[in-house]
1. Could you give the length gained on full extension between residue 181 and residue 155, defined as 0.36 nm per residue of separation minus the Cα-Cα distance, in nm?
2. What part of the accessible area of segment 48-111, given as a whole %, is carbon or sulfur when the probe is 1.4 angstrom?
3. Rounded to the nearest 20 Debye, what is the dipole magnitude of segment 222-368 about its Cα centre when Lys and Arg each give +1 and Asp and Glu each give -1 at the C-beta?
4. Considering only protein heavy atoms and a 1.4 Å probe, what is the carbon-and-sulfur percentage of the accessible area of segment 1-42?
5. Could I have the simple spin-label model distance between residue 10 and residue 259, label points 7 Å from Cα toward Cβ, reported in nm to one decimal?
6. For segment 329-420, which GluC sites (Glu not before Pro) are both in a DSSP coil and crowded by at most 14 other Cβ atoms within 10 Å?
7. Could you sort the peptides 319-329, 227-237 by per-residue average Cβ neighbour count (10 Å cutoff), highest mean leading?
8. If a/c stays under 1.5 just call it rounded; otherwise compare a/b with b/c (prolate if a/b is bigger, oblate if not). Do that for the chain, with a ≥ b ≥ c from the square roots of the Cα gyration tensor eigenvalues.
Amino acid sequence: MSFDLLRVDTIVALATAEAPAALAVVRVSGPRADNVRHAVFVPRRPPQRHFVATRGDLLDERGRPLDDCVCIAWPDRHSYTGEASFELSLHGSPVLARAAVRAVVARGCRLAEPGELTLRAVLTGRLDLTAAEAVDDVIRARSEAAARAAGRALRGGLALAVHEPRAAIVDALADIEARLDFPDEELGDLALAAHLPRLDAAHDALLRLLRTSAWGARLRDGARVVLYGPPNAGKSTLLNALAGEERALVHHEPGTTRDALEIELELGGARVTLVDVAGVRPLDEAGAVERLGIARADQERARADVVVALVPADAPDALAALHALGGDVLVLSKADLGPPSAIAPDVHLVSAREHVGLDALRLAIERRLAPPDAADEAVLMRERQVASVSGAAEALASARAAIDDHAAGELVASELRRAGRALDGLLGKDVSSDVLEAVFARFCIGK
Ligand SMILES: Nc1nc2c(ncn2[C@@H]2O[C@H](COP(=O)(O)OP(=O)(O)O)[C@@H](O)[C@H]2O)c(=O)[nH]1
Ligand SMILES: [Mg+2]
């Protein structure tokens, strides 16, 4: 490499280790640094003046200089945790870093539990629980799509998505409870009717949100795409072609693949696990081990997000066999062996050997994995969130049913209260310490 001794370029580097951690620091320097900064960074408005960054000496427990470092201090509770706090940026030696922690502990701190800093942010009201969960989801994101969705939740997207539904519930409840306090006045159907459009819209919004949960699970865990078809259809060859490397054993002898084989790849910004399984054929033609493989193939098919079904184009009645097999994406394989006797518009002609039709196939799989519309605003990425939102939707539906049945006001109120509590739980208002523990236990140290 030739050094740029005239300092013509503006340079950028990741200053911290490339591993999941509480923080990563990107350092930029050079003549265009100011321009680049204005292009990539938007300061909060109004400008935040709550912290002070100073350069100085870091002292060890006996007061001796340890390192030259930068200290960012938030003296007035506008920090990440909502408490007085400070952060030291020192040179990235693990030895120095441990010595710095020792020095701080010696002066009167205890080591934080995993997630304890973010827990404090929730306890002081700086973050709601969905934003806190998103902190961890951002750090652990395994694809850019997952990091972006978590980032939106971190900026309050999920809380915003339930804000109006929650307000609708709270307002209707306040109205009904006020009337219950004056039992002489009948709880008129008319008064309730005024709330119905808003409650129905709230219910719709919650259902829309729930429809993002499958996408959220895919962002978190990746999608499973299984290659399914008879022995010798070219499944293993296709897996290798899509992976761009020889991972699966390929052989002309049927029954070569017995156990499921998984590889990970990124398709359209999402994490995908591609699963190659044993070929399926009538069980009475298969030996004992092969039968186990076939059972496994059927299990994989059942849990897959996308089933890619394959039949060789030169097989007798290939198209009929392919449609009988069924799947989300249909493939006539080994297309290089000659045109099939019949073809249908929804069928992909692919030759894994000649690398023909692979891009179209990738696109078809990506389309199957496209996010639902509502995912632009907020995505439910965790079981806990799904449970809260579906609890709220269910309670809201039964409040609605009670209203339709002209049920007693107290019954309507109790269902609305249940819906409101479910959404409060989602946001971490008045949740038990068990819930908090379950959320924060899996966080990394320093967050
Ligand atoms: N001509 C041709 N042969 C293929 C193609 N794909 C796989 N084969 C051959 O078909 C046989 C079975 O392939 P394999 O991938 O093991 O099929 P699997 O049993 O479905 O996993 C092997 O001899 C492969 O070389 C293809 O696209 N074109
Ligand atoms: Mg195989």
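The values are calculated or read from the model by the stated rules, or taken from the named source; none is laboratory data. What you see is a predicted model, and the numbers here were worked out from it, not measured in a lab. Cβ placement follows ideal geometry from the backbone for every residue including glycine, while neighbour counts extend to all protein chains displayed. Ligands, DNA and RNA are excluded from the accessible area calculation, which covers all protein heavy atoms including side chains. Shrake-Rupley method; radii C 1.70, N 1.55, O 1.52, S 1.80 Å.
1. Details: separation 26, 0.36 × 26 = 9.36 nm, distance 3.95 nm.
Length difference between fully extended and current span is 5.4 nm.
2. C and S atoms contribute 57 percent here.
3. Working: 15 positive and 22 negative charges, 50 e Å.
That gives segment 222-368 a dipole magnitude of about 240 debye.
4. Details: 2410 of 3990 Å².
Ligands and nucleic acids excluded, carbon and sulfur give 61 percent.
5. 5.2 nm
6. Working: sites: 354, 366, 377, 383, 394, 410, 415; in loops: 354, 377.
Answer by residue number: 354.
7. Numbers: 319-329: 16.8, 227-237: 24.5.
So the peptides 319-329, 227-237, ranked by packing, come out 227-237, 319-329.
8. On the way: a/c = 2.36, a/b = 1.19, b/c = 1.98.
Here the chain falls in the oblate category.
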